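This report refers to the structure that appears directly beneath it.
The values are calculated or read from the model by the stated rules, or taken from the named source; none is laboratory data. These figures come from a predicted structure and were not determined experimentally. Using ideal geometry, Cβ is built from the backbone for each residue, glycine included, and neighbour counts are taken over all protein chains shown. Ligands, DNA and RNA are stripped out before the accessible areas are found, and what is left, the full protein with its side chains, is counted by its heavy atoms. Shrake-Rupley method; radii C 1.70, N 1.55, O 1.52, S 1.80 Å.
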Amino acid sequence: MLRKREPIGRQMNPGPSGDKYGAKENNMRGNICTKSALLCLISYLIGCFSGNSLSSFTTPSCSPKSSITEDNYQQEKKSDDGQHDHDAVMSNINVFQKLFESTDKTWRHGYHWFYGRHLHRYRGKKNLAILEIGSRRGDSALAWKEYFGSNANIDMITYGGNNDSHKFDNPTINCANDESCGRIHTFYCDQSDAERLEKEVIAARPDGWDVVIDDGSHVPAHNIISFEVLWKHVRPGGVYVVEDIETSYYPKSTVYGYNFEAGISAAPPLNALSRFRQYVDVINRGYMGPSGHTFSLFEGDDTIMEIGFARNVMFVQKALKGTDSGGKSYDDYPKKPAILPGINLVHDTIKETLAIFREQSKMCSCHGDFLVEYHIPNQYQSPEPQEEEERGA
């Protein structure tokens with residue numbers, strides 16, 4: 001008696017996980033048969049009379065590459081997963097582009113290719129807070145509200161303080177009747193004034209921000225001042241972004257009424273990119289010998305976990321709180337790094353680097369005769385007394 005057969009294209013044997021391969025493999029089997037229906041029918045009938053199972057049938061018209069195997073299935077599945085991940089990333093990029101289409105973040109700079117990938121994980125975060133330096137018409141403030149949700153706290157700093165003619169309460173902004181606008185706060189403060197940043201902006205948000213974006217004056221020295229003042233108030237796992245770093249390539253220019261000097265070969269802090277590259281040494285200080293962990297350029301720099309450079313953008317990621325599967329925190333690493341011959345020379349270069357850093361910092365007279373005050377760890381300080389730096393009003 002003939003055994004009852006399953007219809008062509010149905011898989012009878014379970015897959016690797018105990019389930020059937022599913023519709024995808026069924027379609028592939030069906031495709032094999034459609035290439036030569038007659039040969040497939042003959043093969044099927046032969047299999048019926050010989051007692052062979054359907055799962056083992058082959059046809060002369062199907063090449064070995066077309067036969068269905070577990071490896072083929074897993075490879076196809078992996079390929080589909082990769083395509084899914086790519087599509088998901090592109091979806092995040094397009095969402096950002098759509099919401100910010102009225103700002104030059106998208107149509108001019110194409111920052112959606114960066115933001116769509118890096119800020120997506122913060123969407124929907126409870127009690128999220130964002131600070132953006134550089135509010136003008138208020139378009140980006142409204143876009144951030146839409147992007148992060150109406151429960152996000154959005155703080156904006158204007159370009160030039162109280163006298164700036166472009167304020168968020170510009171009547172062209174349709175936000176007066178929106179209750180969520182109560183979570184949008186504007187500060188009239190110059191980003192290069194560290195004292196006002198501390199007293200007015202930081203004091204108003206003592207628990208800090210998850211995301212800080214510098215889209216303000218674009219003066220390289222201002223980028224550095226703002227970052228080194230605000231960084232310690234970025235929450236664990238947060239990100240600090242500096243836009244429009246193109247100005248660091250200009251030897252001499254003017255932007256938003258500020259005269260500045262920079263250039264691709266200029267020393268930091270005139271060149272903001274060069275300054276941020278110096279922070280990489282802080283990340284790697286655990287490999288500078290037994291005392292390397294004390295290497296510091298500004299207060300709070302020990303929490304810098306990652307620095308990245310993208311097209312006209314650079315970003316700094318803050319270290320996460322918590323422990324790994326071994327019960328270790330980020331600060332617990334590196335553990336017993338190798339000490340190579342010549343470690344004393346490393347110590348000498350650390351002292352030289354810190355001395356150079358301090359001298360470079362004195363060049364940061366960028367607004368109101370402002371000079372940044374830097375704290376050098378005691379073990380690296382020069383024995384000669386240092387002149388006290390003055391702060392501008």
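Take the conditions under 19 Å from the mean Cα position of the chain (by Cα) and touching a residue at least 24 places away in the same chain (Cβ under 8 Å) and apply them to G292. Does it pass?
Numbers: under 19 Å from the mean Cα position of the chain (by Cα): no; touching a residue at least 24 places away in the same chain (Cβ under 8 Å): yes.
Here the answer is no, as G292 does not meet what is asked.
Could you grab the pairs with beta carbons closer than 6 Å, sequence gap of 6+ or different chains, first residue in the range 321-339 and under 20 Å from V282 (Cβ atoms), second one assigned to a loop (DSSP other than H, G, I, E, B) and at pLDDT 95 or above?
S329/T323; Y330/A319
It is to be established whether one or more residues within the range 317-326 are within 22 Å of H218 (Cα to Cα) and surrounded by 15 or more Cβ atoms within 10 Å (Cβ to Cβ). Spell out how you get there, then give the answer.
Of the residues in the range 317-326, the ones within 22 Å of H218 (Cα to Cα) are 317.
Filter again for surrounded by 15 or more Cβ atoms within 10 Å (Cβ to Cβ), leaving 317.
Yes, because at least one residue in the range 317-326 is within 22 Å of H218 (Cα to Cα) and surrounded by 15 or more Cβ atoms within 10 Å (Cβ to Cβ).
With respect to L142, determine if the residue is of a type in the set (A, V, I, L, M, F, W, C) and at pLDDT 90 or above. Before you say what the answer is, go through the steps one by one.
Values: of a type in the set (A, V, I, L, M, F, W, C): yes; at pLDDT 90 or above: no.
Taking the combined requirement at face value, the residue does not satisfy it.
Between residues in the range 351-366 that are closer than 20 Å to Q191 by Cβ and open to solvent by less than 30 Å² (accessible area, probe 1.4 Å) and residues that are at pLDDT below 85 and aliphatic (A, V, I, L, M), which pairs lie under 9 Å by C-beta distance while being six or more apart or on different chains?
Here the result reads S361/L371; S361/V372; C364/L371; C364/V372, each pair linking the range 351-366 to a residue that is at pLDDT below 85 and aliphatic (A, V, I, L, M).
Under 7 Å between Cβ atoms, which residue pairs at least 6 apart in sequence (or on different chains) link something in the range 142-155 that is open to solvent by 10 Å² or more (accessible area, probe 1.4 Å) with a partner that is assigned to a strand (DSSP E or B)?
These pairs meet every condition: K145/I154; K145/I184; F148/I130; N153/A129.
Could you check, for the range 248-256, whether at least one of its residues is touching an Asp or Glu at 6+ places or on another chain (Cβ under 6 Å), crowded, with 23+ Cβ neighbours inside 10 Å and modelled with pLDDT of 95 or more?
Of the range 248-256, the ones touching an Asp or Glu at 6+ places or on another chain (Cβ under 6 Å) are 252.
Now drop any that are not crowded, with 23+ Cβ neighbours inside 10 Å, which leaves none.
Looking for residues that are touching an Asp or Glu at 6+ places or on another chain (Cβ under 6 Å), crowded, with 23+ Cβ neighbours inside 10 Å and modelled with pLDDT of 95 or more, one finds none in the range 248-256, hence no.
Checking the structure you have, find out if any residue of the range 186-199 is at pLDDT below 95, on the phi < 0 side of the Ramachandran plot and of a type in the set (K, R).
Looking through the range 186-199, at least one residue is at pLDDT below 95, on the phi < 0 side of the Ramachandran plot and of a type in the set (K, R).
Evaluate the following for V282: is it touching a Phe, Trp or Tyr at 6+ places or on another chain (Cβ under 8 Å) and either of a type in the set (A, V, I, L, M) or surrounded by 17 or more Cβ atoms within 10 Å (Cβ to Cβ) (or both)? Please lay out each step first, then the result.
Working: touching a Phe, Trp or Tyr at 6+ places or on another chain (Cβ under 8 Å): yes; either of a type in the set (A, V, I, L, M) or surrounded by 17 or more Cβ atoms within 10 Å (Cβ to Cβ) (or both): yes.
The answer is yes for V282.
For the range 328-340, state whether one or more residues are under 19 Å from I225 (Cβ atoms) and either open to solvent by less than 60 Å² (accessible area, probe 1.4 Å) or at pLDDT below 85 (or both). Before you say what the answer is, go through the steps one by one.
Initial filter on the range 328-340 (under 19 Å from I225 (Cβ atoms)): none.
Scanning the range 328-340, I find no residue that is under 19 Å from I225 (Cβ atoms) and either open to solvent by less than 60 Å² (accessible area, probe 1.4 Å) or at pLDDT below 85 (or both), so the answer is no.
Are any residues in the range 183-215 loosely packed, with under 15 Cβ neighbours inside 10 Å and within 18 Å of Y240 (Cα to Cα), and if so, which ones?
Across the range 183-215, the qualifying residues are E198, P206, D207.
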